[in-house]
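Below is a structure I'd like to ask you about.
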Amino acid sequence: MDSSELNELLDQVPKGQNDAFQHIVRAHGYSVRCYLASLVYHMDDADDLAQEVFITAFKRLHTFRRENDFGAWLRGIARNLVRMHFRTTGRRTRAIDRFREEVADITGHELDAAASVSHNESIGALLRCVSRLPDRLRRAVQGGLEGVAPSEIATNLKTSVAAVYQMHWRAHQLLRDCLARELSR
Amino acid sequence: MNTDLNDLIAAWHGFELDEARLTELMARLREDHELRAAFVAEVSMYSRIKVVRSASPRWLKLAEELGVADGPPAGEIDDESFAETVMERLRRTEAPGRPASNRFRAARNVLLAAAALAFLTFMVSKLHQPPSPPAGVEETAPASVLAVLTGSRDVKWESSPAWIGEKGIGQPLTAGSIRAASGSFSLSLVNGVTLSAEAPVHLEVISADNVRCLLGKVRVHVPPGAEGFTVDTPNCAVVDRGTDFAVNVNADHETNVMVFEGMADVLVGDPANRPLFGTSLAGQQAVKIGPEAGSKRVVAAKAVDFTSPVPPEAVPLDLSPEYAKAVLASGPWGYWRFEGEGNHHANEIQGGPAITGHGNVFQREAATANRSMVFAGNLREPSHLKMDGVWPRTMKPSYAVELWFEAENFGNSTLLSLLGTDIPMPHNRHAGLIELRANNREPGGMRFLHRWPAGTDLGVNISSARVYLPCRWTHLVAQCDGERLQVFLDGALVSETSLPLDFSSGPVHVMLGRLYPPGFQDKPENLRLFRGGVDEFALYDRPLSPEEIRAHYEAR
């Protein structure tokens, strides 16, 4: 969504055209969810927070300065909500959440920069690239995504744990280049 | 991946580390910019993957705030989310012993960290590529060539900038537009995909794995190794997962998709091509995508509404009589010209063994009366040629194979199998192979293998990409001089590699056109049948000099 499209939509929302805001949600939903997932880890939490981001944005749309980057503005709202999320009583007592909160604090600037390049166009590219992985590499990657232990993956693929590591590194290279080619078109 | 990054990622995924180690890692993360960048790259990309594989959220609270209805536009039938599509794609591979549940478990090991790194797009490395041709040798099918016209029926062409040169069978195409007002035609893409189209048609060839259909009917076959091939239409993208499928686009931009075999994903986008949702189709399933954004309807499959494949056209080989003289002057051990009648083809070298045709293999005659062999086999009736007896060969690997070939499509197929004689046939122990390759990594490629002793793995390979075009006769010499393997095409060296010092050779069975001999118990789809023409097959007990090879080619 370029700035002229966004401005047109932003003009319509104050006139009561709330479905215009839906277009904004559709355009930015993926990148906001990705950003939040990199901060809070669990998708349920990320999706709950993403909804709050857009509700907040809708209510405070009049405060957005049009010369600024809208995605960055949304991520600013997201960061505030994440800080409040980590400060809820239950989360402060869990070591893993304290760890993730501290990591988010340290890497916030870099995560924000990385999120600014998460585009809807990469979804289809990622889908195509994963489907083109050689079969054994795809199975190793799938196992890793689902949290399967490396020893179990090695057993399933009738290979060694060391070979599974090597397969992941090979998959890394193939996917990196594939994505770069897909997104450069 | 260094230990600190490894542990950071593991901890981020929930693996428990002791307090002292966590403190140390936090300090490093603050101080080390490179570590921070690597960590962020992995975490952000892993999160992108996680979002894609998750179900689309239903934000009822937001919908209520906006005062709009939640859910997809009216007229939709329930379908899979993107995330389910992605994970279904991953799950399609067999994984015995893997838990049936798709419940995501918190990762506690280095492997998950390595898996997350798989999706980094910010590290620098290159894909392994097949060796480039030696300096001074041009690629037959340079990177600009994406496809070749292999079949044509009464086609009335319109302006088509994708053509390289004249339009005709065997002519290559580059990225660009192809339009026809009437008729039908077939293309063979360098990665092995075959595409047939029925006019009126307007295609845009984007790359070897992406074609845009703006109007017309197309039918696509995607072989293994080329999965992910995509046909874009004005309102959706059909992404192959290893299948035969067809797409019709009419003048109103309504798209019909049918999968005949295998699977395909249909990704529907809005007019700005932002993805809305996806659905998966299996064999004999069809879907209609309306011109309005997000309109999709499952329809009854009617194969007759979609176009049929257009078969490739055969190309005869015209050769001057001087060619045979040049070959004989080089003293081959065996030379078969396939000029006689019947299925038993005599050796031009007196006393040498004949070659026998099996299955759907027959002769074709050119205008100059030269006859060549046509391999027209399929999985039900494979075809091959087999030499009677054994090619003895010397212990020192020093030999050459020479022939002319014409492939009807880019594809994975076996031109020549050399099989060991140490155990009775049939078996799968190769001492040599010449194969044509076509997939996303080896478009229009060739592989020459030398292996001794005969077996099922190891050996020395040379591979070349983009070295041949279908529907064109190509002169091939593959040879070994004891120190190097070499492949010459059309008289020029295209690839070579060194042999280890201790490599040897020995007697072999000789077979043309299939990987394994009849009777060997393997899956039919592993036969890698060659389809096309072969002629002027010669075997030598010594390598040919580059001058001889050039002279043979020029004597054609």
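The values are calculated or read from the model by the stated rules, or taken from the named source; none is laboratory data. Keep in mind that what you see is a predicted model, and the values were worked out from it rather than measured. Every residue, glycine as well, gets a Cβ built from its backbone with ideal geometry; the counts of neighbours run over all protein chains shown. Please note that ligands, DNA and RNA were not included when accessible areas were found on the heavy atoms of the full protein model with its side chains. Shrake-Rupley method; radii C 1.70, N 1.55, O 1.52, S 1.80 Å.
Leaving out ligands, DNA and RNA but keeping every protein chain, what accessible area does residue A:84 have, in Å² rounded to the nearest 10, with a 1.4 Å probe?
120 Å²
What is the set of long-range amide H partners of residue B:363 at a cut-off below 5 Å, with H atoms built 1.01 Å from backbone N?
Long-range HN contacts for residue B:363: B:374.
Still on this model: Please report, as a whole percent, how much of the solvent-accessible surface of region B:167-263 comes from carbon and sulfur atoms (probe radius 1.4 Å).
49 percent
Put one equal scatterer on each alpha carbon of region B:436-556, apply the Debye formula with no solvent term, and list log10 I(q)/I(0) at q = 0.17, 0.18, 0.23 1/Å to two decimals.
Results for region B:436-556 at q = 0.17, 0.18, 0.23 Å⁻¹ read -1.07, -1.21, -1.70.
Turning to a different aspect of this structure: List the residues of region A:17-34 whose accessible area drops by at least 50 Å² when all protein chains are present, compared with their chain alone, using a 1.4 Å probe and counting only protein heavy atoms.
A:22, A:26, A:33
For every other residue with a beta carbon closer than 14 angstrom to the beta carbon of residue B:382, add +1 if it is Lys or Arg and -1 if Asp or Glu, then tell me the sum.
Local charge sum for residue B:382: +3.
Quick check: at a probe of 1.4 Å, how many percent of the accessible area of region B:1-48 sits on carbon and sulfur atoms?
Of all accessible area on region B:1-48, carbon and sulfur atoms account for 49 percent.
If you don't mind, another one. Go through region B:441-455 residue by residue and turn each phi into a ³J(HN,Hα) via Karplus (6.51, -1.76, 1.60, θ = phi - 60°); whole Hz please, and just put x for glycine and proline.
These are the phi-based 3J(HN,Hα) values: 9, 10, x, x, x, 9, 10, 10, 10, 10, 9, 8, x, 4, x Hz.
Further, regarding this structure: At 1.4 Å probe size, with every protein chain present, just tell me what the per residue accessible area of region B:388-437 comes to in Å².
Result: 29 Å² of accessible area for each residue.
Can I ask one more? Taking a cut-off of 17 Å between Cα atoms, list the lysines near residue A:59, but don't count ones fewer than 8 places away on the same chain.
In chain and number order, the partners are A:15, B:61.
If you wrap a convex hull around the Cα atoms of region A:1-106, how much volume per residue is inside, in Å³?
That works out to 99 Å³ per residue.
To the nearest 20 Debye, how big is the dipole of region A:1-84 about its Cα centre, given +1 on the beta carbon of each Lys and Arg and -1 on that of each Asp and Glu?
300 debye
By a straight-distance test (C-alpha under 25 Å), which lysines pair with residue B:156 as possible cross-link partners, with residues fewer than eight away in the same chain excluded?
Result set, ordered by chain and number: B:167, B:217.
For region B:436-556, give the percent of accessible area contributed by carbon and sulfur heavy atoms, probe 1.4 Å, rounded to a whole number.
C and S atoms contribute 47 percent here.
Towards the positive end of the charge dipole of region B:341-472, with charges on Cβ (+1 Lys, Arg; -1 Asp, Glu), say which of B:361, B:390, B:456 has the farthest Cα.
Towards the positive end, the residue furthest out is B:456.
For the interface of chains A and B, what total accessible area is buried with a 1.4 Å probe, rounded to the nearest 100 Å²?
Accessible area lost upon association: around 7700 Å².
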